[in-house]
1. Suppose R0 equals 22 Å; then what is the FRET efficiency for residue 314 and residue 339 from their Cβ-Cβ distance, rounded to the nearest 0.05?
2. Multiplying the sequence separation of residue 93 and residue 72 by 0.36 nm and subtracting their Cα-Cα distance, what value in nm do you get?
3. What's the center-to-center distance, using Cα atoms, between segment 131-190 and segment 44-95 in Å?
4. Let me know the shape class of segment 161-241, please: from the alpha-carbon gyration tensor, a ≥ b ≥ c as square roots of the eigenvalues, rounded when a/c is under 1.5, otherwise prolate if a/b is greater than b/c, or oblate.
5. Efficiency by 1/(1 + (r/R0)^6): what FRET value for residue 330 and residue 26, r their Cβ-Cβ distance, R0 = 45 Å, to the nearest 0.05?
6. Suppose each label sits 7 Å from its Cα in the direction of the beta carbon; what would the residue 104-residue 19 distance come out to in nanometres?
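Values quoted throughout were computed directly from the atomic coordinates according to the rules given, and no laboratory measurement underlies them. All of these numbers come straight from a predicted model, not from anything done at the bench. Here the Cβ is made from the backbone with ideal geometry for all residues, glycine too, and neighbour counts use every protein chain on show.
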Amino acid sequence: MAKRDPEKTARNKVIKELKEKLRALLPSVLEATGFESEYSLHGKIGGKFGQYLDIKNVVVDSPQQFIALWLDGFKNYIRKNIDPRWREGNNHYETYKLLQKHKVFQDYLYLFLERTYIKHIDALSKKRPTIEEAEIWIGQANANYGILVTPRFNGTNWENDKSEIRHFPHRYWSIGHILATGLVVPFKNAKLEFKTVEEYLNFFTNVIVRNSGSEYEYKLAEMYSIYVNAAENPHEIPLLIPEFRYDGLAKKHKYRLDFTIIEASQLNKIGFELSPWSTHGYLSKTKSMSQEQINDVAKGNFENEMSKHKSYFKKHGIFVLIYTDFDLKDLDSVFRDMELYLRPKSVGSQMKFHIFNDFFNDPL
């Protein structure tokens with residue numbers, strides 16, 4: 001039997017408690033406002049937060065922030081959309097007047113909005129990738145794949161259904177994400193789909209990473225697989241993205257990062273570059289070269305490596321951690337660094353937003 005998500009269990013308990021408080025207040029609110037039923041009351045205050053908040057772009061971190069934004073948006077909606085000459089009889093304005101008049105209605109609204117936020121916390125509190133960020137291409141030439149958020153084939157290549165990105169029900173760039181979308185094959189109406197966590201991890205380790213030829217990458221991929229399989233909720237674990245392609249689908253790729261993690265709450269990107277001397281610094285055929293020429297070649301290699309990391313930061317916002325031979329002697333330590341970004345962090349920090357008691361005393 002699958003384990004219950006403790007966070008969702010706690011959330012459902014809070015929702016139940018708020019529902020009980022609302023039911024206790026309901027008779028007094030109906031009597032004060034004249035609304036006929038709970039249904040008609042909620043018709044006035046519920047289902048309208050899309051009109052008052054820019055929910056496509058705003059990330060809401062707490063119930064207090066949601067309530068403050070709703071109230072501000074509610075008033076601004078009346079100011080901007082309802083001519084003062086025609087406000088009497090308007091549903092929005094009449095609801096506002098009732099809120100001004102009845103403290104019990106205000107109390108009910110605050111509880112109702114708190115419950116609304118908690119019900120929709122996943123959609124409201126998670127940061128959403130931009131259109132550009134919602135498309136990642138990985139892998140080596142002729143063995144590359146795409147990880148998109150809402151992939152659809154447009155007849156030529158894969159693209160995201162932009163209107164659905166914010167409705168994506170999984171943590172972006174997580175194991176759950178890849179199980180939902182699969183890996184898309186560029187320029188072909190074809191996907192690699194994975195039915196189980198184990199199925200994806202096997203492909204990740206023994207196809208994509210193994211193809212790199214790096215013993216260090218392969219061992220870290222194995223450690224990641226063990227970590228994911230041992231997790232209480234593997235679907236929530238961020239992907240360890242292999243071979244992130246700097247120029248996407250460009251045929252002659254400029255750079256690839258060994259591994260990248262995009263942490264869930266703020267979509268911060270951390271790159272992990274394994275730089276053993278044998279592949280990133282070693283100089284061969286130096287017998288016929290002068291010391292000056294050797295230094296020039298070594299300098300060029302170093303400048304190229306640093307240019308790679310600066311370019312990833314400037315273009316993709318990826319901060320890169322670099323591991324040399326000394327670090328690679330202890331891969332457990334390297335993976336502990338990765339673990340810091342693999343632990344799913346709960347969204348919805350408890351930011352405190354003061355809501356003035358006399359909010360509804362301010363004339364429009």
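1. 0.20
2. Length difference between fully extended and current span is 6.2 nm.
3. When both Cα centres are located, 35 Å separates them.
4. Oblate.
5. 0.15
6. Calculated label separation equals 2.3 nm.
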